[in-house]
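Since the structure comes first, as structure tokens, the remarks are kept for the end.
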Amino acid sequence: MILEIVKYGHPVLRKKGEPIEEITPEIKKLIANMFETMEENHGVGLAAQQVGVARQLTVIDVRAVTDRPSTLELDGQPADPAAIMPLVLINPECTAVGEPVSGGEGCLSFPEIFAEISRPGVVDVKALDARGKPISFRCGGLLARAVQHEKDHLNGVLFIDRMDKKTKLELQPELDALQAETKAALKKK
């Protein structure tokens with residue numbers, strides 16, 4: 001089932017997600033619906049907050065992006081990032097390994113808004129998978145960017161919080177309009 005993606009201005013986007021203690025049928029259904037929603041909207045990642053659920057859950061799939069490569073290491077060995085896609089991260093932890101790298105980012109909760117964001121180029125990730133089993137890997141490129149972007153969502157941090165002041169100032173009219181539109185729609189509900 002395709003879920004509604006909440007837009008900037010919705011309070012759930014600023015909520016820190018609750019940890020997931022158990023993989024219930026509801027969590028499994030949420031995961032499936034999030035993948036369907038992400039694919040329908042041509043995203044590479046989607047956090048639970050973006051569908052109105054403040055939990056520590058994100059889904060990622062970077063396979064469709066061919067012009068922004070990803071790297072993956074499993075047990076210290078290079079691996080094909082497609083080997084772990086589509087990816088479910090429950091209660092993820094990220095540790096920066098690489099130096100900050102600037103790269104373009106967008107967000108399904110901010111339609112048509114894009115900016116250069118600086119993030120570590122390589123990160124170590126620990127999480128639970130869709131079955132509740134521990135997974136860990138090192139990633140770089142687009143996958144590292146997507147993991148960090150989604151992990152931020154799980155903590156109520158948005159990519160606009162990572163923009164430099166000049167960029168955010170330039171985008172402020174669009175951000176204000178989106179926020180006002182979202183708040184007006186919430187009042188009608």
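Take the residues in segment 54-100 that are in contact (Cβ under 8 Å) with a residue 24 or more places away in the chain, assigned to a loop (DSSP other than H, G, I, E, B) and within 16 Å of the chain's Cα centre (by Cα); name whichever of them is farthest from residue 22 (Cα to Cα). So, considering only residues that are in contact (Cβ under 8 Å) with a residue 24 or more places away in the chain, assigned to a loop (DSSP other than H, G, I, E, B) and within 16 Å of the chain's Cα centre (by Cα), the one farthest from residue 22 (Cα to Cα) is 65.
Taking segment 163-179 as the range and being under 22 Å from the mean Cα position of the chain (by Cα) and among the aliphatic types (A, V, I, L, M) as the test, the residues that pass are 163, 171, 175, 178. Considering 157, 123, the condition of being buried (at least 19 other Cβ atoms within 10 Å of the Cβ) and β-branched (Val, Ile, Thr) is satisfied by 123 alone.
Could you pull out the residue among 165, 151 that is surrounded by fewer than 15 Cβ atoms within 10 Å (Cβ to Cβ) and either free of Cβ contacts under 8 Å to residues at least 24 places away in the same chain or touching a Ser or Thr at 6+ places or on another chain (Cβ under 8 Å) (or both)? Give the steps one after another, and end with the answer.
Working: 151 fails: surrounded by fewer than 15 Cβ atoms within 10 Å (Cβ to Cβ).
Of 165, 151, the one residue that is surrounded by fewer than 15 Cβ atoms within 10 Å (Cβ to Cβ) and either free of Cβ contacts under 8 Å to residues at least 24 places away in the same chain or touching a Ser or Thr at 6+ places or on another chain (Cβ under 8 Å) (or both) is 165.
Residues that are crowded, with 19+ Cβ neighbours inside 10 Å and of a type outside the set (S, T, N, Q) within segment 36-53 comprise 38, 43, 44, 45, 46, 47, 48, 51, 53, listed in sequence order. Yes or no: segment 116-138 includes at least one residue that is part of a strand (DSSP E or B), more than 21 Å from residue 46 (Cβ to Cβ), aliphatic (A, V, I, L, M) and touching a Cys at 6+ places or on another chain (Cβ under 8 Å). Yes; the residues of segment 116-138 include at least one that is part of a strand (DSSP E or B), more than 21 Å from residue 46 (Cβ to Cβ), aliphatic (A, V, I, L, M) and touching a Cys at 6+ places or on another chain (Cβ under 8 Å). When the residues of segment 139-160 are narrowed to those that are more than 11 Å from the chain's Cα centre (by Cα) and in a helix (DSSP H, G or I), which ends up nearest to residue 52 (Cα to Cα)? Out of the qualifying residues, it is 160.
For (1) out of contact with any Asp or Glu (no Cβ under 8 Å at 6 or more places or on another chain); (2) crowded, with 16+ Cβ neighbours inside 10 Å, each residue gets a yes or a no:
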{"residue": "100", "(1), (2)": "yes, no"}
{"residue": "111", "(1), (2)": "yes, no"}
{"residue": "116", "(1), (2)": "no, no"}
{"residue": "133", "(1), (2)": "yes, no"}
{"residue": "142", "(1), (2)": "yes, yes"}
{"residue": "147", "(1), (2)": "yes, yes"}
{"residue": "175", "(1), (2)": "yes, yes"}
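The set of residues in segment 70-90 being polar (S, T, N, Q) and out of contact with any Gly (no Cβ under 9 Å at 6 or more places or on another chain) consists of 77 alone. For residue 31, the test of being in contact (Cβ under 8 Å) with a residue 60 or more places away in the chain, surrounded by 15 or more Cβ atoms within 10 Å (Cβ to Cβ) and either assigned to a loop (DSSP other than H, G, I, E, B) or out of contact with any strand residue (DSSP E or B) (no Cβ under 6 Å at 6 or more places or on another chain) (or both) is failed.
With respect to being under 22 Å from residue 128 (Cβ atoms), touching a strand residue (DSSP E or B) at 6+ places or on another chain (Cβ under 7 Å) and at pLDDT 95 or above, residue 59 fits the description.
The values are calculated or read from the model by the stated rules, or taken from the named source; none is laboratory data. This one's a predicted model, so the numbers in the text were calculated from it and none came from an experiment. Because the Cβ atoms are built from the backbone with ideal geometry, glycine has one as well, and the counts that use them run over all protein chains shown.
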